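The values are calculated or read from the model by the stated rules, or taken from the named source; none is laboratory data. The structure displayed is predicted, hence computed values, not measured ones. Methodologically, a virtual Cβ is constructed for each residue, glycine included, from the backbone with ideal geometry; neighbour enumeration extends over all protein chains shown. Heads up: the accessible areas ignore ligands, DNA and RNA and are worked out on the full protein's heavy atoms, side chains in. Shrake-Rupley method; radii C 1.70, N 1.55, O 1.52, S 1.80 Å.
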Amino acid sequence: MQYDASVASIRLVGVSKHFGDVKAVDNVSLDIADRDFMILLGPSGCGKSTLLRTIAGLEDPTAGEVWIGDKMVNDVEPKDRDVSMVFQSYALYPHKSVQANIEFPLKVRGVDKAERAEAAKQAAEVLGLTPYLERRPGALSGGQRQRVALARAIVRQPAVFCMDEPLSNLDAKLRAETRAELVALHHRLDATFVYVTHDQVEAMTMGNRIAVMRDGIIEQVGTPKDVYDKPASVFVAEFIGTPPMNIFPAGSVEAADHLVGARPEHTHLATTGVAATVALVEHLGHEIQVVCTIDSEHRATVRLPTGTEVPSNGSPVFLTADENHRHRFNVETGLRIS
Amino acid sequence: MALDTAPKGWRSFARYSMLTIVALFILFPVYTTVIAALKPGNKVLDNPLLPNAFTLDVLKNAWTEGRLGRYLMNTTVVALIITSVQLVTSIASAYAFSFLKFPLKRLVFGIFLSTLLVPLEVTLVINRRTIDSLGWLNSFQGLTVPFIATAFGTFLLRQVFMQIPPDLREAAQMDGLGHWGFMKEVAIPLVRPTLGALGLFSFLASWNQYLWPSLITTEDDMNTVQTGLRHLASSDLDKPNLIMAGTIIAAVPILIVLVVFQKQLVRGLTAGAVKG
């Protein structure tokens, strides 16, 4: 498929969106470059979907500016923003055939029948939907519906794709497959993708940049590697990574004026160190995860290779953190020190 | 959804006996009407329950003497106008209450709904005066205009519009559809079964109207079939079978409509009861 959309960067300047007293998005500034695959990541209620909808034009920002390319689009209707959106629920028109669904954005724009049939056919081909063109969405599986939604989004060749948790209704296997397909699609279309998810695996594997959000603000923007290796705050450290980073109680590893964190692969069982109790041993096949309780507020996970001898539940252990892989955070603010 | 297993044994027997008794009660007057309408006048009163004679003359007489052709046409025109305009107004108002944002929406909707609590009889006198002052007595306007908007239709359609996921509206917005486009392309096609049922309800209700047409029609030419039958009754007291025949003729079109649209009617009655 020939894709020749005018690719566009997105710039958010001090964007806020308030619903009554609730600040869903609070003074967010973010630059998304041409052809970026930007992930907005965060727990539910962090404002990531609201931010995406503000870019798409489905929400008017309470304050701030939204720029797409070199145009301020605050007052531009969603349809005129050169943006398409893939919804979590797919939002297909249930009474229309797959072909009619895919063609629809073109039909509304007055593209003639033959031309839009051709465009729909091509989009369907890209997404492997050709055998299903005559069916209604109700007769498709979740994965197929998801593809129809994608086809509908790409058919009018927008500069920006907004995707709101498009994979969250798929089962684990299909989700992994579709993840790879979306990445391939991004390469193929060479357009700007803005992708909302709460799933950090999706964020790490798909995006070339991640914006981690909490309570309406962006905690960190960076490449997946940056965010994983140098989390900007305790929140990011604990949100990214499965299992999350271990944060030790202040004073237990180093001086009490800061917190120390270490990834599970950099935390070890030792003969001295931070005292803990084994709470749970999980044999995952390729590795063993030992979950330890340090005190009522702190838990830590240690990764061990399969075949290692592991302590039994309830036994006392000592934990150490690799000196070269320690993350230090301010006790008060939770922000990264080094 | 779990399906009821077929009732068995005595429970089934009891159920069907009950249904049969109820059916007999309902069908008995229909039966006597049909029997009387098909008997010549002089035989009506002997053995009124037995079909001991047969003629179609009475039906023919009722049609000609009772001017039923004219009345049926009036009724059809009135019912079609009310039904189609009611559909339009119900769609428009229900759409506004479901998809548009405007101040005091809930309050206005509440006021709309509260009109359902006011029986026709309460507004009868004032409505007649209004129609009279507009000079609409004995006119199709007078017969139809008071019924072209209905809180019931608004309510019913609003309920089904509300079941359309908000994502669909937003997807349409991204695709470039305004409200008119969304209503035409998405909302209306999705609620077609309910529209069918609402249309049918409106048609039946306006077909069977008696009180209002009898109040505002004084000219014979403007009678609907229901008020026309009254004239048949008062003019031919000595021919009860003629009235019966007229009743049957008046009921035939509605029976046809019912049989043809049975499915829609049932679907409409159960709309909202089962989630898709």
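Data overview
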read-out	value
Entirely in segment B:162-263, the helices (runs of 4 or more DSSP H) that have 1 or more residues that are within 14 Å of chain A (Cβ to nearest Cβ)	B:166-175, B:179-182, B:192-207
Total residues in segment B:148-161, condition more than 14 Å from chain A (Cβ to nearest Cβ) and open to solvent by 10 Å² or more (accessible area, probe 1.4 Å)	9
Output for segment A:273-306, where each listed residue is crowded, with 18+ Cβ neighbours inside 10 Å and of a type in the set (S, T, N, Q)	A:Thr301
Which listed residue, of A:Asp31, A:Asp75, A:Asp26, is free of Cβ contacts under 8 Å to residues at least 12 places away in the same chain and over 27 Å from A:Gln122 (Cβ atoms)	A:Asp75
Only one of B:Pro51, B:Pro103, B:Pro29 that is out of contact with any strand residue (DSSP E or B) (no Cβ under 6 Å at 6 or more places or on another chain) and under 25 Å from B:Thr227 (Cα atoms)	B:Pro29
First in segment A:122-149 and not assigned by TED's automatic domain parsing to the domain that holds A:Leu92, second anywhere and part of a helix (DSSP H, G or I) and buried (at least 18 other Cβ atoms within 10 Å of the Cβ), Cβ under 8 Å, 6 or more apart	none
Residue under evaluation A:Val310, criteria (1) over 16 Å from A:Ser252 (Cβ atoms); (2) at pLDDT below 90; (3) surrounded by fewer than 17 Cβ atoms within 10 Å (Cβ to Cβ), criterion not met	(3)
Any chance A:Ala176 is modelled with pLDDT of 90 or more and in the same structural domain as A:Arg188 (by TED's automatic domain parsing)	no
Residue tally, condition part of a loop (DSSP other than H, G, I, E, B) and touching a residue at least 24 places away in the same chain (Cβ under 8 Å), over segment A:273-298	5
Filter result (outside any helix (DSSP H, G or I) and either surrounded by fewer than 21 Cβ atoms within 10 Å (Cβ to Cβ) or within 23 Å of the chain's Cα centre (by Cα) (or both)) within segment A:118-159	A:Leu127, A:Gly128, A:Leu133, A:Glu134, A:Arg135, A:Arg136, A:Leu140, A:Ser141, A:Gln157, A:Pro158, A:Ala159
In segment A:97-117, the residues that are surrounded by fewer than 24 Cβ atoms within 10 Å (Cβ to Cβ) and facing another protein chain (nearest Cβ under 8 Å)	A:Val108, A:Arg109
Residues (among the hydrophobic types (A, V, I, L, M, F, W, C) and within 10 Å of B:Asn241 (Cα to Cα)) located in segment B:33-53	B:Val34, B:Ile35, B:Ala36, B:Ala37, B:Leu38, B:Val44, B:Leu45
All helices (runs of 4 or more DSSP H) inside segment B:40-121 with 2 or more residues being at pLDDT 95 or above, within 21 Å of the chain's Cα centre (by Cα) and surrounded by fewer than 15 Cβ atoms within 10 Å (Cβ to Cβ)	B:68-99
Selection count where residues are surrounded by 20 or more Cβ atoms within 10 Å (Cβ to Cβ) and either more than 13 Å from chain B (Cβ to nearest Cβ) or β-branched (Val, Ile, Thr) (or both), scope segment A:160-174	2
B:Trp136 open to solvent by 60 Å² or more (accessible area, probe 1.4 Å) and farther than 30 Å from A:Ala91 by Cβ	yes
Residue match in segment A:318-325 (condition: touching a helix residue (DSSP H, G or I) at 6+ places or on another chain (Cβ under 7 Å), surrounded by 12 or more Cβ atoms within 10 Å (Cβ to Cβ) and among the aliphatic types (A, V, I, L, M))	yes
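For every residue, the table says whether it meets (1) at pLDDT 90 or above; (2) under 16 Å from the mean Cα position of the chain (by Cα).
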{"position": "A:Ala203", "(1), (2)": "yes, yes"}
{"position": "A:Met206", "(1), (2)": "yes, yes"}
{"position": "A:Ala211", "(1), (2)": "yes, yes"}
{"position": "A:Val227", "(1), (2)": "yes, yes"}
{"position": "A:Ser233", "(1), (2)": "yes, no"}
{"position": "A:Glu254", "(1), (2)": "no, no"}
{"position": "A:Val260", "(1), (2)": "yes, no"}
{"position": "A:Glu265", "(1), (2)": "yes, no"}
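Each row is one residue, and each column tells you yes or no for (1) facing chain B (nearest Cβ under 8 Å); (2) open to solvent by less than 30 Å² (accessible area, probe 1.4 Å); (3) at negative phi; (4) of a type in the set (Lys, Arg).
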| residue | (1), (2), (3), (4) |
| --- | --- |
| A:Pro43 | no, no, yes, no |
| A:Lys48 | no, yes, yes, yes |
| A:Leu52 | no, yes, yes, no |
| A:Thr62 | no, no, yes, no |
| A:Ile68 | no, yes, yes, no |
| A:Lys71 | no, no, yes, yes |
| A:Asp82 | no, no, no, no |
| A:Met85 | yes, yes, yes, no |
| A:Tyr93 | yes, yes, yes, no |
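To keep it simple, each residue is scored yes or no on (1) more than 18 Å from the chain's Cα centre (by Cα); (2) modelled with pLDDT of 95 or more.
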position: A:Tyr3; (1), (2): yes, no
position: A:Val15; (1), (2): yes, yes
position: A:Phe19; (1), (2): yes, no
position: A:Leu40; (1), (2): no, yes
position: A:Pro43; (1), (2): no, no
